[in-house]
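K.L.:
Shown below is the structure under consideration.
Every number here is computed from the coordinates shown, using simple stated rules; none is lab data. These numbers were taken from a predicted model, which means no experiment stands behind them. No Cβ is skipped: glycine too gets one built from the backbone with ideal geometry, and neighbour counts run over all protein chains shown.
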Amino acid sequence: MTPPFSPLVSRIAHEGADPWALHWRSRADVAAGKDVIPLSVGDPDLNTPQPVIDKAIERLRANDTHYTESAGRDSLRAAIAAAHRERTGQSVTHENVIFVNGAQAGLCVAAMLISAPGDEVITFDPMYATYPATLQLGGATLVKVPAPASLHFHPDLDALARAITPRTRAIFLATPSNPSGVILTNAEVEAIAVLAERHSLWVVSDEVYAGLAPNGRVPSIGARLPEQTLTVASLSKTHAMTGWRCGWLVGPKALIQHAEMVALCMTYGLPGFIQEAALVAVQLRVQAEAATRAFCQARRDTFYAALQGVAKIKVVLPDAGMFMLLDVRATGISAGDFAIRLYEAEGVSVLDGAAFGEQTAHFVRVCYATDEAQLLEAAQRIRRFCASL
Ligand SMILES: Cc1ncc(COP(=O)(O)O)c(C=O)c1O
């Protein structure tokens, strides 16, 4: 008989159907040469900048393949600190930075370090699909505050204030958001900072898409509340480097020292040749981000225009990022059924908005960071599918 598992497994279990099942099916169908268009995952259809690849190969050939410091090399941490200073105005050094394997790992480390069983952590609904499992990893209970369609997916700040209890430890937010693409305004960031200060809460600001915001900047809470903010970011989206797993956490020095202990337990350092390549990527960030930003903005506008007048769906124009929400309520079928039927009829994979929360239960999410011809073809197929309903 299998001995019992830790209570952790129920905290990280999927609720109901796996939202990614359709996505993996579409990936398998692409591999099998079928005529499908996957728009279900946020992975830009661009190549990693060549100098980054060249550096990784160079360092591999130079045998940079041994153990490294758990927090990452100081040169890389310093470059990330400089980029963060430049973007946000927050005064940080390498001691405020830990290099981790993707923003996802940063969220996970943050959740473990700032919450425990019995605590509550708050995030906005809709939220990135990994948040429920990740944020509850430390044992805390997730409390959702609506960022509803009626507020154009901006958070209900009165509801946020009401949601804070003596057990609340942290507010997790993403700006720009996945799936809505909303960038929090200065006033919203300020209101969240005031609440966090008043109740002595951590704020975890997930800024993986910040480089894709206009001018590569978002109102950022780190500069306003440096002792209580952890900023999470990565090279995944801005540099088309999702598979490299290069991310970081920026926060108070003491927290970074604790994070280093978690890294020591989990990874015992990340590959040196990847870190040296990441350093090149960070140094290239201005050009790399500008290129990805221009690509995403152009695709967003193309896709938005191509979907105008499609029967029974309403398209939400995002501020930034690589995702668009389509309101499918008027089709009379659930978003989950819409996604499956669209895939079966037309081979276009989109994600059921229910994967991101109740507020997007009538929406599907599409990633538009892909080839223009494919995007236009996908729009035509969606139009045909909607007309057939
Ligand atoms: C809001 C948000 N945070 C974090 C991540 C994870 O990014 P990474 O590839 O850096 O782990 C994603 C990926 O889609 C995301 O959308």
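K.L.:
Before rounding to the nearest 500, sum -39500 (n - 2.57) across all DSSP H runs of length at least 4 in the chain and divide by the residue total; then give [θ] at 222 nm in deg cm²/dmol.
P.N.:
Numbers: 14 runs with 160 residues, N = 389.
That comes out to -12500 deg cm²/dmol.
K.L.:
Find how much the distance from Glu190 to Trp20 grows on full extension, using 0.36 nm per residue of separation minus their present alpha carbon separation; answer in nm with one decimal. Let's see the in-between values first.
P.N.:
Details: separation 170, 0.36 × 170 = 61.20 nm, distance 3.48 nm.
Once the chain is fully extended between Glu190 and Trp20, it gains 57.7 nm.
K.L.:
In addition: Within the stretch 44-151, report the chymotrypsin sites (Phe, Trp or Tyr not before Pro) that DSSP leaves as loop and that have at most 15 other Cβ atoms within 10 Å.
P.N.:
On the way: sites: Tyr67, Phe99, Phe124, Tyr128; in loops: Tyr67, Tyr128.
Here the chymotrypsin sites (Phe, Trp or Tyr not before Pro) that fit, given the DSSP loop and packing criteria, are Tyr67.
K.L.:
Still on this structure, I have one more. Taking H placed 1.01 Å from N in the peptide plane, check which residues at least 5 places from Ile37 or on another chain put their amide H under 5 Å from its amide H.
P.N.:
Amide H to amide H, under 5 Å and 5 or more residues apart or across chains, Ile37 pairs with Val348, Ser349.
K.L.:
If I stretch the segment between Tyr304 and Met261 completely, what's the gain in nm (0.36 nm per residue apart, minus their alpha carbon distance), one decimal? Walk me through the numbers before you get to the answer.
P.N.:
Details: separation 43, 0.36 × 43 = 15.48 nm, distance 4.56 nm.
Taking 0.36 nm per residue and subtracting the Cα distance, the gain is 10.9 nm.
K.L.:
Which whole-number percent is the relative contact order of the stretch 50-284 (Cα, under 8 Å, 6+ apart)?
P.N.:
Values: 473 pairs, mean separation 72.2, N = 235.
Computed value for the stretch 50-284: 31 percent relative contact order.
K.L.:
Pop the C-beta distance of Gln50 and His199 into the FRET formula with R0 = 56 Å and round what comes out to the nearest 0.05.
P.N.:
Numbers: r = 48 Å, r/R0 = 0.85.
Computed FRET efficiency for Gln50 and His199: 0.75.
K.L.:
Rounded to the nearest 20 debye, what is the charge dipole size of the chain about its Cα centre when +1 sits on each Lys and Arg Cβ and -1 on each Asp and Glu Cβ? Walk me through the numbers before you get to the answer.
P.N.:
Details: 33 positive and 38 negative charges, 31 e Å.
That gives the chain a dipole magnitude of about 140 debye.
K.L.:
Let me ask another. What residues qualify as long-range amide H neighbours of Trp202, i.e. H under 5 Å apart, gap of 5 or more or another chain, H built at 1.01 Å from N?
P.N.:
HN-HN under 5 Å from Trp202: Ala170, Ile171.
K.L.:
Looking at the stretch 50-284 only, what percent of DSSP beta bridges run antiparallel? Nearest 5 please.
P.N.:
On the way: 8 of 27 bridges.
Given both bridge residues lie in the stretch 50-284, the antiparallel proportion sits at roughly 30 percent.
K.L.:
Across the chain, how many lysine pairs separated by 8 or more positions, or lying on different chains, have Cα atoms within less than 30 Å?
P.N.:
Total qualifying Lys-Lys pairs in the chain comes to 11.
K.L.:
Taking trypsin sites (Lys or Arg not before Pro) that fall in a DSSP loop and have at most 13 other Cβ atoms within 10 Å as cut points, what is the longest piece of the chain between them?
P.N.:
Numbers: sites that count: Lys34, Arg167.
Excluding the exposed sites themselves, the longest stretch runs over 168-389.
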